[in-house]
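Since the structure comes first, as structure tokens, the remarks are kept for the end.
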Amino acid sequence: MPHIPSLLQRATLALLCCGPAWAAEPIPAITLTPAQAEAAGVRTLALAPSASSAGAGLVLPGQVELPPQATELVSSPLAGVVQQVLVAPGDKVKAGQPLARVSSPELLAWQREWLQAQSQARLAASKLARDEQLHAEGIIAGQRLQDSRAAHEQAQITLQERRQALQALGLTAGGTLQPQLLLRASSSGTVLDVAVLPGQRLEAGMAVAKVARSGPLALVLQAQPAQVARLALGARLRVAGCQAPAELTAIVPQVNPGNQTVQVRARWQAAEDCLRVGQFVEATLTDQPTAADTSALQVPAQAVVYQQGKAYVFVRSAQGFVPTAVRLGPASTQGYRVLSGLQAGDAVAIAGLAALKGAWLGLGNEGSGGTP
């Protein structure tokens, strides 16, 4: 095994003795002749410009779906009869816009209970004020005053409960009875389905309409198990007929027993009107990283060494191999996602790292440089 020149030994030992501040100083390159590199088993790999380039051109079939969190199901909170349907499938609606009008005897009962609770609360307040005056004059006992206060508190609780029940239905608690209830959209979106007709009897909780909130769509794609190794989260997918790309967001860690495929999910969010829910599509993997990850570099796990809790790779330069600090993302089948420290085209050592690290740390029997 080659020996380290004494100059390099002194330099590395001087760096090591300086404590935590040593990493802030420039790290000298580890020089190797071609013969020494071969003897140490050093091999390098040039980093590709994109994590998804290995799978570029891969075509995945699938279907457009609405994400579960983007679906709003409008239902009737009370039993009643549909008087009027105010929207149709495909209509654009705004938050608070009425979708249907329902006549409900149960609604009248809820309002009547509110009015009764309001009357009881006024009566309890009046009785409490009178008993407080009588107690102050010594006419009634303290127990009677406590009973009046308890009755007043219970009346206020009941009143608040009835008020909130009406507010949940979109009604303002008042003195006028309203026999009809308007079912409204809670957010802006597009009506996907209307499940009722005028004159139809509704039970409490029955669905009236389904609304798709404005936002991203999901592409549910199918990949063969052998293709999954060529996929990386964050990769771009080109959808036929659309200008904007989709982004790969999830790879389901199981195989569908029916067709032996792996489900892959992508998010598509753009102002284009080129996709419809339920549409069959083909998505082609591109070689371009997403906007959120402009580097999209992957470094093999075997290229990474650790020193004092930090990750390093040995980058080949004109002067030799330079220990370079890197910040890494989560591991994948391709290695680690590089967050900072490396650039596309950098040649990193993937074999012979024991000799390189030994030379870096000043271990003469494991280093390189000088004569064998």
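The values are calculated or read from the model by the stated rules, or taken from the named source; none is laboratory data. Remember, it's a predicted structure, so these values are computed and weren't measured experimentally. Note that each Cβ is placed from the backbone with ideal geometry, even for glycine, and that neighbours are counted across all protein chains shown.
If you scan region 213-257, which residues turn out to be among the β-branched types (Val, Ile, Thr), surrounded by fewer than 17 Cβ atoms within 10 Å (Cβ to Cβ) and closer than 27 Å to Ser188 by Cβ?
Those that are among the β-branched types (Val, Ile, Thr), surrounded by fewer than 17 Cβ atoms within 10 Å (Cβ to Cβ) and closer than 27 Å to Ser188 by Cβ: Val220, Thr249.
Restricting attention to region 6-19, does a residue exist that is of a type in the set (Ser, Thr, Tyr), modelled with pLDDT under 50 and surrounded by fewer than 16 Cβ atoms within 10 Å (Cβ to Cβ)?
Yes, because at least one residue in region 6-19 is of a type in the set (Ser, Thr, Tyr), modelled with pLDDT under 50 and surrounded by fewer than 16 Cβ atoms within 10 Å (Cβ to Cβ).
Tally the residues that are among the aliphatic types (A, V, I, L, M), at pLDDT below 90 and part of a helix (DSSP H, G or I), restricting the search to region 137-150.
1
Which residue, of Val252, Val196, Val208, is among the β-branched types (Val, Ile, Thr), under 24 Å from Val82 (Cβ atoms) and either part of a loop (DSSP other than H, G, I, E, B) or without any contact (Cβ under 8 Å) to a residue 40 or more places away in the chain (or both)?
After ruling out the rest, the residue left standing is Val196.
All but one of (1) touching a Leu at 6+ places or on another chain (Cβ under 6 Å); (2) under 24 Å from Gly90 (Cβ atoms); (3) buried (at least 19 other Cβ atoms within 10 Å of the Cβ) hold for Gly189, so report the exception by its number.
Checking Gly189 against (1) touching a Leu at 6+ places or on another chain (Cβ under 6 Å); (2) under 24 Å from Gly90 (Cβ atoms); (3) buried (at least 19 other Cβ atoms within 10 Å of the Cβ), the one that fails is (1).
Taking region 302-313, which residues are among the hydroxyl-bearing types (Ser, Thr, Tyr) and surrounded by fewer than 19 Cβ atoms within 10 Å (Cβ to Cβ)?
The answer is Tyr306, and nothing else.
Restricted to region 314-362, and to residues that are in a loop (DSSP other than H, G, I, E, B) and touching a helix residue (DSSP H, G or I) at 6+ places or on another chain (Cβ under 7 Å), which residue is surrounded by the most Cβ atoms within 10 Å (Cβ to Cβ)?
Gly352
Can you tell me how many residues in region 212-230 are modelled with pLDDT of 90 or more and either over 17 Å from Ala266 (Cβ atoms) or touching a Cys at 6+ places or on another chain (Cβ under 9 Å) (or both)?
0
Please enumerate the residues belonging to region 258-285 that are of a type in the set (D, E, K, R), in a loop (DSSP other than H, G, I, E, B) and either surrounded by 15 or more Cβ atoms within 10 Å (Cβ to Cβ) or touching a residue at least 60 places away in the same chain (Cβ under 8 Å) (or both).
Residues of region 258-285 that are of a type in the set (D, E, K, R), as a first pass: 265, 267, 272-273, 276, 282.
Now restrict to residues that are in a loop (DSSP other than H, G, I, E, B): 272-273, 276.
Within region 258-285, Arg276 is the sole residue that qualifies.
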